[in-house]
1. Look through 391, 385 and report the one residue that is under 21 Å from residue 182 (Cα atoms) and surrounded by fewer than 22 Cβ atoms within 10 Å (Cβ to Cβ).
2. Which one is modelled with the lowest pLDDT, of the residues in the stretch 296-326 that are charged (D, E, K, R) and over 24 Å from the mean Cα position of the chain (by Cα)?
3. So, in the stretch 92-101, of the ones that are surrounded by fewer than 22 Cβ atoms within 10 Å (Cβ to Cβ) and touching a residue at least 40 places away in the same chain (Cβ under 8 Å), which residue ends up nearest to residue 335 (Cα to Cα)?
4. Looking at the stretch 177-226 only, could you name the residues that are of a type in the set (S, T, N, Q), part of a helix (DSSP H, G or I) and free of Cβ contacts under 8 Å to residues at least 12 places away in the same chain?
5. Here is a check on your reading of the model: is residue 156 hydroxyl-bearing (Ser, Thr, Tyr) and modelled with pLDDT of 95 or more?
6. Kindly list, by first and then second residue, each pair from a residue in the stretch 303-323 that is at negative phi to a residue that is assigned to a helix (DSSP H, G or I) and open to solvent by 20 Å² or more (accessible area, probe 1.4 Å), limited to pairs with Cβ atoms under 6 Å and residues at least 6 apart or on different chains.
7. Here's a check for you: in the stretch 51-60, which residue that is touching a helix residue (DSSP H, G or I) at 6+ places or on another chain (Cβ under 9 Å) and open to solvent by 40 Å² or more (accessible area, probe 1.4 Å) is nearest to residue 368 (Cα to Cα)?
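The values are calculated or read from the model by the stated rules, or taken from the named source; none is laboratory data. The model shown is predicted, which means the values in this text are computed figures rather than measured ones. Please note: Cβ atoms are built from the backbone with ideal geometry, for glycine as well, and neighbour counts cover all protein chains shown. SASA here: full protein model, heavy atoms, side chains in, ligands and nucleic acids out. Shrake-Rupley method; radii C 1.70, N 1.55, O 1.52, S 1.80 Å.
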Amino acid sequence: MNNLIYFLTGTLLFVLPIPHTIAIRNILALLLLVTVVYALVRDKAYQRFSMETELKKVLTLLGVLTLWIFVVAFFVSDETSWSLQEIKSQWLTPLLYFATFAGLGVYTTSREASVWKNMYALIFLILFVHVLYVDLFGLQYYIKHKAMVHRFRGLTDGPDKSNYITNILLSFIMAEIIYRFRTGKKLLNINHFAITLILILTLVSSIFEGMRNGMIAIAFLGITSIVFALYKNRAFSKKTKLLISVFLIVAVTVPALYSVKHDSRWKTLIQTIPIAMDTEHHKTWIDRSIPYPTFENGKSVNGSNYLRIAWFYEGSKIIREHPLGVGYGRNAYGHAIEKKYHLDRQMGHSHSGLIDLGIGIGIPGIVLWLAFGLYLMYLSSSYFFRYHSYFAIIVFFNVSGFFSRFVVDSNMRDHMFLTFMAILGLSLIYMFKEEEMSLSYVTENRGVNK
């Protein structure tokens, strides 16, 4: 049973970001769900699981948000059928992934320690395989062309998708490093040199992917990692803490500095803002056949900068005009823009999850979703500062990374959202069950704090 669960979980997470694998991932997800339910019932593990009050609050927030999504679809949206189809694939399916991996967490923590440790190591390995592929291609490209590959998509269908995997793996790596700093022990059965090498390879892959927003997320992760690693850590002197802080800051900011230096989009970002917000005079944002507007020196604005800002600005106006939303959907922005400007062509998403969701389910929906994320960040950080919980770090980094990108990327969709919900479901259960999982440092601290 354990080997079957390992196989289904590992294969599902590996193929999830790979394009043209929807049928395979659906079959694997269904098989994993059935297997996990069978295992829980067979071992009666669900009967031994005591749901924490905090977990009930998390599920309540998800339940209220789900109810509101359906209210908008049935009573507010003019496109109920379209919205219901989107809810099925883009909301209920991620919830199913969340539930499946939460069940997986309940099952694996009810078994001997090797089961959940192997599961965690397996997920780490799957993420690393994707990152290693990016690095190997980047190295091959440099040897062949004597130049750095830029915006490489890895095994996914875009560099942004590949970069999500990189950032998730980075959160796992930093959790392991922080745990070692605080306890002198390790959860992953690899030595310090290996974890350092994997950290370097992961940071290098982010350079090859060349995603600006990903670089910002990495810098934020590095700063918070310093807090998690050194807060009330008496194992190190002030001098050692300073050296560790400098090392971590340098390590995680190198990709960001590389991006600023080599990505020309940064140089004209501020200048582009007023031009992009003048959507009445500059229409390229709605009709790509129109040439891009120009600066005073006659040079055209960068397309990515201009479009993202213009779409965000127009999307925010749609939210003001439809405060209750137009119906949940990946392309709610496109549907609203098409209707507002009477377009006879399809528009896509806004490249901002915040705008897409705000247009879809309105201001109440945004408030509920942000409340969900903020509560998870508060909960995980409080667990860490009280118990120095390993998986609280995973939860915090996973949620803060996803929600920070949510503002500037349309990540609340497809495999990106599925991966987020899956890892969240598993790591939440692991966080709540750490004491029973015999992570001694957590157990000792909980004993002190009781």
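1. Details: 391 fails: surrounded by fewer than 22 Cβ atoms within 10 Å (Cβ to Cβ).
385 is the lone residue from the list that is under 21 Å from residue 182 (Cα atoms) and surrounded by fewer than 22 Cβ atoms within 10 Å (Cβ to Cβ).
2. 296
3. Step one: filter the stretch 92-101 for residues surrounded by fewer than 22 Cβ atoms within 10 Å (Cβ to Cβ), giving 92-93, 95-96, 99.
When the remaining residues are screened for being touching a residue at least 40 places away in the same chain (Cβ under 8 Å), the result is 93, 95-96, 99.
Values: 93: 22, 95: 24, 96: 26, 99: 30 Å.
Going through the qualifying residues, I end up with 93.
4. Keep residues of the stretch 177-226 that are of a type in the set (S, T, N, Q), which gives 183, 189, 191, 196, 202, 205-206, 213, 224-225.
Then keep just the ones that are part of a helix (DSSP H, G or I); that gives 183, 196, 202, 205-206, 213, 224-225.
Across the stretch 177-226, the qualifying residue is only 196.
5. Answer is no for this residue.
6. 304/265; 305/265; 305/269; 309/273; 313/277; 323/363
7. From the stretch 51-60, those touching a helix residue (DSSP H, G or I) at 6+ places or on another chain (Cβ under 9 Å) are 51-52, 54-55, 57-58; that's our starting set.
Within this subset, residues satisfying the condition of being open to solvent by 40 Å² or more (accessible area, probe 1.4 Å) are 51-52, 54, 57.
Working: 51: 22, 52: 21, 54: 16, 57: 12 Å.
Here the residue is 57.
Yes or no, residue by residue, for (1) part of a loop (DSSP other than H, G, I, E, B); (2) open to solvent by 30 Å² or more (accessible area, probe 1.4 Å); (3) of a type in the set (Asp, Glu); (4) closer than 27 Å to residue 267 by Cβ:
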| residue | (1), (2), (3), (4) |
| --- | --- |
| 305 | no, no, no, yes |
| 317 | no, yes, no, no |
| 323 | yes, yes, no, no |
| 326 | yes, no, no, no |
| 337 | no, no, no, no |
| 345 | yes, yes, no, no |
